[in-house]
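Report on one structure; see the data block that follows.
The values are calculated or read from the model by the stated rules, or taken from the named source; none is laboratory data. Just so we're clear, the structure is a prediction, and the values are computed from it rather than from any experiment. Quick reminder, even Gly has a Cβ in these numbers, built from the backbone with ideal geometry, and neighbours come from all protein chains shown. Quick note on the areas: whole protein, heavy atoms, side chains included, nothing else; ligands and nucleic acids left out. Shrake-Rupley method; radii C 1.70, N 1.55, O 1.52, S 1.80 Å.
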Amino acid sequence: MMTGFRLNLAPLKEPLGFIKFVEWLTAIFAFGSCGGYSGRNIVSLFCSEGRNETLNVTFSYPFRLNLVALVEANTTLCNHSVPVTHLVGDSASSAQFFVGVAIICFLYSIVALLVYLGYMHMYIDSDFGPMFDFGLTAAIAFLWLVCSSAWAKGLQNVKDATGTAGITSTLALCKESDVACEVTDFANMRTLNVSVVFGYLNLIVWAGNAWFVYKETRWHSQKYTAQQGAGAGRGQQVPAAI
């Protein structure tokens, strides 16, 4: 068996290498659109005497909302004494799980591309390489299903906690009869919505890639050889009895 790095760009023209390159790109978009997010909602308090108060709610990745101060210190709003108040909820586990899976996929895609482009002659001659690649690819596809679903639920929790209904239920002042609360300026969460889309897109891409990796394993080659042998056996003519 020949060893050593031998650059060959041909795998990029085949599904095995091309899809791995796509996985590398989609992983970048997935963790980039979630991990770097920061947004701010502006909450308006409409007081009975006709004047308004405003609160700024700034939240960011990893979305530990229970650490985000809605009212930072004991203060007076609409002639009411308001204690320190924090938002409700913690989506850090789902957000960090999602970003963690994306980073693992990003790194694994780089390693896999390095193997495909430089060590393909060793990859196709070994049993362990394709089988390990297939097992890890299938496992990552499952992880994308789990982390994307978890993050979609976590993102909805973030939206609920920072929306008008969530702020009203969190801030006791908003329950007073002479005060009305409303989020008048919402943070742009388009990139977070995109991150969920890329999560499920990664699921589709990795699940599809698992088939092409499977074709490189001995399981597929043995099955193909057995089918060929069975077909050849059925095609043989049984000699006539004399």
Filter segment 211-225 for residues that are part of a helix (DSSP H, G or I) and at pLDDT 75 or above; the one that is nearest to Pro15 (Cα to Cα) is Phe212
Is it the case, given these coordinates, that Asp133 is open to solvent by 30 Å² or more (accessible area, probe 1.4 Å) and of a type in the set (D, E, K, R)? no
With criteria (1) part of a helix (DSSP H, G or I); (2) among the β-branched types (Val, Ile, Thr); (3) modelled with pLDDT under 90, Val238 comes up short on (1)
When Val88 is run through (1) assigned to a helix (DSSP H, G or I); (2) in contact with a Gly (Cβ under 8 Å, 6 or more places away or on another chain); (3) among the aliphatic types (A, V, I, L, M), the failure sits at (1)
Restricting attention to segment 111-128, the residues that are without any contact (Cβ under 8 Å) to a residue 40 or more places away in the chain and either under 28 Å from the mean Cα position of the chain (by Cα) or closer than 11 Å to Asn8 by Cα (or both) number exactly 3
Per the filter on segment 38-58, residues open to solvent by less than 80 Å² (accessible area, probe 1.4 Å), part of a strand (DSSP E or B), closer than 23 Å to Lys175 by Cα and not acidic (Asp, Glu) are Asn41, Ile42, Val43, Ser44, Leu45, Phe46, Cys47, Leu55, Val57, Thr58
Subset of segment 116-130, residues surrounded by fewer than 17 Cβ atoms within 10 Å (Cβ to Cβ) and not acidic (Asp, Glu), comes to Gly118, His121, Met122, Ile124, Ser126, Phe128
Tyr108 passes all but one of the listed conditions (1) aromatic (Phe, Trp, Tyr); (2) in contact (Cβ under 8 Å) with a residue 60 or more places away in the chain; (3) open to solvent by less than 50 Å² (accessible area, probe 1.4 Å); the exception is number (2)
Tell me, yes or no, whether segment 48-69 has at least one residue that is at pLDDT below 90, of a type in the set (Lys, Arg) and closer than 30 Å to Met122 by Cβ.
no
Note to self: Looking for something within 30 Å of Leu16 (Cβ to Cβ), assigned to a helix (DSSP H, G or I) and without any contact (Cβ under 8 Å) to a residue 40 or more places away in the chain - is there at least one such residue anywhere in segment 147-158?
What the structure shows: yes
Quick count over segment 170-200, residues being surrounded by 17 or more Cβ atoms within 10 Å (Cβ to Cβ), in contact (Cβ under 8 Å) with a residue 60 or more places away in the chain and part of a helix (DSSP H, G or I), is 7
The lone condition Thr76 fails out of (1) among the hydroxyl-bearing types (Ser, Thr, Tyr); (2) within 32 Å of the chain's Cα centre (by Cα); (3) in a strand (DSSP E or B) is (2)
When segment 1-34 is checked residue by residue, the ones that are within 28 Å of Asp185 (Cβ to Cβ), small (Gly, Ala, Ser) and open to solvent by less than 30 Å² (accessible area, probe 1.4 Å) are Ala30, Ser33
Only one of (1) closer than 23 Å to Gly208 by Cβ; (2) touching a Cys at 6+ places or on another chain (Cβ under 6 Å); (3) at pLDDT below 90; (4) not β-branched (Val, Ile, Thr) does not apply to Leu9, and that is (2)
